Each structure stands twice: as structure tokens, then as C-alpha cells.
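This report refers to the structure that appears directly beneath it.
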Amino acid sequence: MSLFLRNAPREYGVWISDFLTPRGRPWAYPPGVMEMFPGYVFDVEYRTDRKEEAFKALVEMVERRFAVAERLMEAVQWDVFVLHEIGTDRVHHLFQKFWDPEHPLYAPGNPHEDKVPRLYRLVDELFGRLRRRLPRDVEILVVSDHGNQAQRGVLALNELLAEWGLLSFKSEPSGGVDVESVVDWGRTKVVAWGGYYARLFVNTVDRPRGVVSREEAEDLKRELRRRLRVLKAPWGYIHNAVYEPGELYRSVRGDFPDLMAYFDSLRVRPVQTVGYGSPWLEGNDRGPDDSLHSFNGFYAATWGDARKRDMHALDVARFLESVL
């Protein structure tokens, strides 16, 4: 068995870790695999204005990863072989606005307009070469964990919570600092984490430094759901989806958020930094990035029901179990 996967390598089969690998830690099993591929590249800098340099590094990473896959495919006896390629994600973060006509900053005829299709053609060519090495009876599944779309805007949600009187600072923040470094917990009722969606935590008394009773928390959540469902952005009103985790997940564990908010069908990125003087930012707070995830990913398989066009992400594991 040969698999590429996230996090630390497991001690069976052959494993190579991915872009989450901590620097200086073992990243393959058996350990000898690391010696086979010195200089293995896990990721590239993808939030940068050095676009040509980034694209060159991206191509080199993709070519090297497929070369590693070819070598392992020949060297190892395997039952299941999984190749995780992150390049198709990074090319969107780097070049979405240069390629996507739906991006608000798209300009036809720009010098980077061909970068996204060029990267996909490269992946297609390399996969075709890999496929020709496979035995005829091997079944193939191609699947993405998300889609990509143009970023329409960036929302500093904690600035909005501060405007609503739900979040207070120890001192006036500036320069886009993380909210947790400046929040005054003794006077704060709600704080938000960012990402592709927002996670809102009510500062309840059963949390460290909490000030909100459980009864007040329920009222707060209802009020937040009402206020967040429609927001006025610089370009017009956006409609948003707000849920409690239990409405989306089969089980919730740990210190889960009280609410999860998805802005403009994920076209607006919520960030957890503050100190801008306005909830609406001109760009991503972590560097140039014009792409956001979308709900619809992609899958294609050489087996299964050809008439079935759509599949929920939660069904993918059952789908695999049914054919392996």
C-alpha cells in the first residue's frame, strides 16, 4: 500500500506526509523513504506578489511529486495508491483574479491569464503518464475536497462585533493584529475566529474569563443569527447562512463554536484580525489571495453508478468502502 496523506506518517504501508508537516519532523514511513527523495517539496509560497517566481516553484513541486509517485508505484507492492496534489489549490490562490471573469478585479488580456489552465494541463499530462503505467484492472477515483471561486470581499467580523457593542478591546488596536491579543475578556460577550467561514464564540460563564450567562447566550445567538443573515457590503447587500454546529454535524466535540457563519456562499472571507477602522477590507489580511473555497468539489470514478451525478462529501467514505 502506498498513500500520501495529511499529518504524521503511520507505521504501516508506505506513507508520505503533506503540507502540514512540521519543519524538522519525520515525514515518511518507513524512514528510508525520506532518503529516497531528498529535497521533497510539501508546498509553495502562494500568498505573494512574486507571481512568475511562484508559478515556477509551483510547476517544479507538481512535477517532482508526480515523479515520486511514479517511482513508488514501481518500487512498492500496493493495493491502494493515493496521490494528494495540492498544486491545483495553490494555483487558484495565486491567480484567480487573473483568470476568472467573475472576479471583481479581473482584467482581460493580463500577463497571468493562462496560469490556471497551464497548471491544469500539466496535471492532466502527468496523470495521463501515471495512468499508462497502471494495470488494466485498476479502478481510479479522482476527487477534490472543495471547489474554488473568486473572492468578492473580506470582512473583519470582530470589527463589526465591536461596533455592535459585543466585543471590547484592552486598548485601541491597529495594523491588523489578532483579536485574541487585544480582546478585553471581562467586557466581551462575543468573539469570532476567521477562515473560509466564521466561528463565533459567546463568552459564557462556563468558559475561562466568561461573563455571559447561559440564558443570555441563547438570546445573543438568536440576535446574532438575525443580524448576520443580511449585511450591507460596500458593493451591496449580501445574504449569509448562520448555523449552530449541531445543525450541520452528526456530533460536536470539544470547545466547539456557538455559531458558524458562511458569508455570501463563501465568496466573502471572514478574518479574525482587527485594527482597521472598518469591518470591510480591500484584501486578505494574510497576503495576496484572490480565491476562496466553494461548496461544490469534483469527483470522477471508473466504477459505480454512471447515472449518479452528485454526491455529498459525507458519502465519499461509504462510496469507497463499497468498492474496495
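The values are calculated or read from the model by the stated rules, or taken from the named source; none is laboratory data. No experiment lies behind these values; they were computed from the predicted model shown. Every residue, glycine as well, gets a Cβ built from its backbone with ideal geometry; the counts of neighbours run over all protein chains shown. Ligands, DNA and RNA are excluded from the accessible area calculation, which covers all protein heavy atoms including side chains. Shrake-Rupley method; radii C 1.70, N 1.55, O 1.52, S 1.80 Å.
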Rounded to the nearest 10 Å², what accessible area does residue 99 have for a 1.4 Å probe in the complete protein model? 90
Along the charge dipole of the chain, which of 72, 146, 190 sits closest to the positive end, that is, farthest toward it, with unit charges on the beta carbon of Lys, Arg, Asp and Glu (+1, +1, -1, -1)? 146
Length released on extending from residue 120 to residue 172, taking residue separation times 0.36 nm less the Cα-Cα span: 14.1 nm
3J(HN,Hα) from dihedral phi, region 250-258, Karplus parametrisation 6.51/-1.76/1.60, rounded to Hz, x for glycine, proline: 5, 8, 10, 9, x, 8, 7, x, 7
Stokes-Einstein diffusion coefficient of region 7-96, Kirkwood radius over Cα pairs, 37 °C, 0.692 mPa s, in µm²/s: 232
Tell me which lysines have Cα within less than 16 Å of residue 189's Cα, excluding those fewer than 8 residues away on the same chain? 170, 221
With no solvent term and unit scatterers on the alpha-carbon positions of region 122-211, Debye gives log₁₀ I(q)/I(0) at q = 0.14, 0.23 Å⁻¹ of -0.63, -1.18
Considering only the other residues whose Cβ falls under 11 Å of the Cβ of residue 252, what net charge follows from Lys and Arg at +1 and Asp and Glu at -1? -2
Averaging over every viewing direction, what projected area does the convex hull of the Cα atoms of region 47-138 cover, in nm²? 7.1
1/(1 + (r/R0)^6) with r = Cβ-Cβ of residue 35 and residue 278, R0 = 45 Å, i.e. FRET efficiency to nearest 0.05, evaluates to 0.30
Taking a ≥ b ≥ c as the square roots of the Cα gyration tensor eigenvalues, with a/c under 1.5 meaning rounded and otherwise prolate when a/b beats b/c, else oblate, which class fits region 101-157? oblate
Using a Förster distance of 41 Å, the FRET efficiency for residue 232-residue 127 (Cβ separation, nearest 0.05): 0.35
Hey, in the GNM for the chain with a 10 angstrom Cα cutoff, which one of 126, 160, 248 fluctuates hardest? 248
Less than 12 Å Cβ to Cβ from residue 285, Lys/Arg counted +1 and Asp/Glu -1: what total charge do the surrounding residues give? -1
With label points built 7 Å along Cα→Cβ from the Cα atoms of residue 139 and residue 295, find their separation and express it in nm. 2.9
With everything on Cα atoms, drop me the angle between helix 51-75 and the longest principal axis of the chain, reported from 0 to 90° to the nearest 10. 50
Given a 1.4 angstrom probe, what's the average accessible area per residue across the chain, in square angstrom? 57
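Using a/c under 1.5 as the rounded threshold, could you call region 272-317 rounded, prolate or oblate? The axes a ≥ b ≥ c are square roots of the C-alpha gyration tensor eigenvalues, and prolate needs a/b larger than b/c, oblate otherwise.
Numbers: a/c = 4.56, a/b = 3.65, b/c = 1.25.
Note, shape of region 272-317 comes out prolate.
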(i) 30.5, 101; (ii) 22.6, 66; (iii) 19.7, 65, with the label sought being that of the calculated Rg and Dmax of the Cα atoms in Å: (ii)
If each part is reduced to its alpha-carbon centroid, region 150-215 and region 68-104 end up apart, in Å, by 35
What shape does region 168-324 have by the C-alpha gyration tensor, where a ≥ b ≥ c are the square roots of the eigenvalues, rounded means a/c under 1.5, and otherwise prolate means a/b greater than b/c and oblate the rest? prolate
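Using r as the Cβ-Cβ distance of residue 164 and residue 322, and R0 as 51 Å, what FRET efficiency do you calculate, to the nearest 0.05? Each step should come with its number before you reach the end.
On the way: r = 48 Å, r/R0 = 0.95.
Approximately 0.60, to the nearest 0.05.
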